Amino acid sequence: MAEDAKKLYEELIEKRRKAALLGSAGSILGWDERTYMPRGGVEHRANQMALISGMAHEMFTAPQIGELLSKLEDSDLVKDRSSAEAVNIREIRRSYDKDTKLPRELVEEISSTTTKAQGIWQEARKKADFSIFKDILGKVFELNFRVAEAYGYEKDPYDALLDDYEPHATTEEVARVFAGLRDDLVPFVEKIKDSGKHPDMSIIENDYDIHRQKLFAKAASAAIGFDYTKGRLDETTHPFCTGIGYGDTRILTRYNPKHFGQAFFGVIHESGHGIYEQGLRKDENFGLPMGQSVSLGIHESQSLCWENIISRGKPFWKHFFPRAQQTYPEVLGDVKFDDFYFAINDVRPSFIRVDADEVTYCLHILLRFEIEQGIIHKEIKVADIPGIWNEKFTEYFGITPPDDAQGCLQDIHWSMGALGYFPTYALGNLYAAQFYAKALEEMPNLHNEFAQGDFSSLKKWLNEKIHFQGKRYPATELVKEVTGKPLSHKPFMEYLEKKFSPLYLD
Ligand code: ZN
């Protein structure tokens, strides 16, 4: 019997691996599409990608996988719930059920509607005219309702949608944590705004030679632990990170010759994602839940930890600022450390989420989360979104978007059918701060090490506590496991107050 279960398990693993291998061939095509592919190749590439994703989907949802799972779920292999085998079986079951629950015609309708919706959204955004987008957006939301019904949920239809991005999370828990965050963050942002203090932005909005930017960013990303023997850095228009497989993780950025920080912090951000991907033990666990990230929120916690907490922090620049001065002597040669540090930590309410600083960023997310709640619970009508957006925006930021392009039309997510995605960005900030507070408690010397250019203790800690665990724990459990406490907005607020009060409020 035990022998039997082992054989069946091997069979299951083999099938998953093959499907994942095919999927990773799709990832490399996707990477190529966004980097080096000539524009004329768009249609052919779309055909290749559709074929591969269709084939991979068929392999992931093959009835034999369901049969193997049923047998294995009765075996001794699942007895120890946190064993690698039990985790793999549990999580393969989850994804198998989700993948097989959506009827084919619904999947096709979503695909054709969202393709159309993205085109219409682009036009609407360009013309700053929500009325163009309203009807198709209503259709996309309708499809989201049907997805939630097809997946099923216990309490809240939003749970079913959230689960695609933040598995096992509940709306109730997220809403509770976000409400606490809003109550503390809104007045804090207001105080910073009212301080009237502003750094000299000409320090970083200046001429920065792109070739030197590349070398400098790459050196910093290698220093924090992104392994370039198992990864590479390229250029693209929309930066991202893709983990192709063992030994191959790719990060992408774009360079702005008139700005110090966009590429630099972008590269560190993507390196944070990359270090997570490289830490997932894909040599043993490729294609298996034990070799996959926990959730989008946890992924984002890794990028934000390195980008905001570390690379916008003082200890990091104690090491790197003299090097930045050597790299860009004509701009930074005479700049004082404190002025540079203030400039890379500029905080001001602004309309566009992706340009937001680390203090105001979460407010952008809270606003979207609250509107999504209203839509899913049928308390907000599509036509009312612009009005509600602007009202909430004014309440949270103290400024009002001049038009819908700078308001409710700025993000692509809803046109793609992605409802429930936004919260993961704010969760990432909260997870990052809570993890980092614990790391610092366990390793009080971290800041001295950073000032020497040594980031290895933190990387090792993140590897062991988070990356090597794969999907062993859902995000909320992982947070408890690592920090000993449930998720809270408090460590994030404490971090912000400690860092930004001296800059703005003292
Ligand atoms: Zn990210």
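Pairs of Cα atoms in the range 253-324 fall into 10 Å distance bins, from 0 up to the last occupied one, in shares of 19, 40, 27, 13, 1 percent. With Cα atoms as the point set, the range 211-333 shows a radius of gyration and Dmax of 14.9, 50 Å.
Note on the range 98-196: semi-axes of the ellipsoid equivalent to its C-alpha gyration tensor, largest first and rounded to whole Å, are 31, 24, 9. Each principal axis of the range 284-354 carries a Cα extent, and these read 52, 35, 19 Å when sorted largest first. Electrostatic tally near E154: other residues with Cβ closer than 12 Å to its Cβ, Lys and Arg +1, Asp and Glu -1, net -3. For the chain, averaging the sequence separation of C-alpha pairs within contact (under 8 Å, six or more residues apart) and dividing by the residue count gives a relative contact order of 20 percent.
Computed over the alpha-carbon atoms, the range 145-193 gives an Rg to Rh ratio of 1.20, Rh here being the Kirkwood radius from the mean inverse distance. In the context of the full set of protein chains, residues of the chain present 45 Å² of accessible surface per residue (probe radius 1.4 Å, heavy atoms only).
Per the Debye calculation on the range 1-155 with a single equal scatterer at every Cα and no solvent contribution, log₁₀ I(q)/I(0) for q = 0.10, 0.15, 0.20 Å⁻¹ amounts to -0.54, -0.99, -1.24. Dipole magnitude for the range 115-154: computed about the Cα centre from +1 point charges on Lys and Arg Cβ and -1 point charges on Asp and Glu Cβ, it is near 280 debye. Dipole of the chain (Lys/Arg Cβ +1, Asp/Glu Cβ -1, origin at the Cα centre): which of L8, Y151, I132 lies farthest to the positive side? Highest projection toward the positive end goes to L8. Ellipticity at 222 nm from helices only: DSSP H runs of n ≥ 4 in the chain, each -39500 (n - 2.57), divided by the residue count, give -20000 deg cm²/dmol. Take the Cα of E494, step 7 Å toward its Cβ, do the same at E10, and the gap between the two points is 5.0 nm. Any chance you could check the Cα centroid distance between the range 200-267 and the range 14-87 for me, in angstrom? Using only Cα atoms to place each centre, the spacing works out to 29 Å.
At a threshold of 8 angstrom on Cα-Cα distance, excluding pairs fewer than six apart, so keeping six or more, what relative contact order does the range 218-332 reach in percent? Contact order relative to length: 20 percent.
Computed in the context of the full set of protein chains, the accessible area of the range 195-322 at 1.4 Å probe radius has 49% of its extent on carbon or sulfur. Beta bridges from DSSP with both residues in the chain: antiparallel share about 45 percent, rounded to the nearest 5. Separation of the alpha carbons by more than 22 angstrom is noted, of K15/K101; K101/K381; K139/K381; K438/K460; K197/K438, for K101/K381; K197/K438. Dividing the radius of gyration of the alpha carbons in the range 332-464 by their Kirkwood radius gives 1.09 for Rg/Rh.
Note on the range 171-255: Cα-Cα pairs beyond 17 Å make up 69% of the total pair count. For the range 8-100, the relative contact order is 33 percent, taking Cα pairs closer than 8 Å that sit 6 or more residues apart in sequence and dividing their mean separation by the residue count. Altogether, the Stokes-Einstein calculation at 25 °C and 0.890 mPa s, with the Kirkwood radius of the range 231-288 over Cα pairs as Rh, returns a diffusion coefficient of 206 µm²/s. Using only alpha-carbon positions in the range 43-92, the gyration tensor eigenvalues give semi-axes of 33, 12, 4 Å once each is multiplied by 5 and square-rooted (largest first). Within the chain, all pairs of alpha-carbon atoms sorted by distance into 20 Å bins from zero give the percentages 21, 57, 22, 1. Between E330 and K101, the modelled label-to-label distance comes to 5.9 nm, taking each label 7 Å out from Cα in the direction of the beta carbon.
Considering only Cα atoms, the convex hull volume of the range 402-506 works out to 172 Å³ per residue.
The values are calculated or read from the model by the stated rules, or taken from the named source; none is laboratory data. In this text, all values refer to a predicted model and were calculated from it rather than measured experimentally. So basically every Cβ, Gly included, is an ideal-geometry build from the backbone, and we count neighbours across all protein chains shown. The protein model used for the area step is the full one, side chains on, heavy atoms only, and it has no ligands, DNA or RNA in it. Shrake-Rupley method; radii C 1.70, N 1.55, O 1.52, S 1.80 Å.
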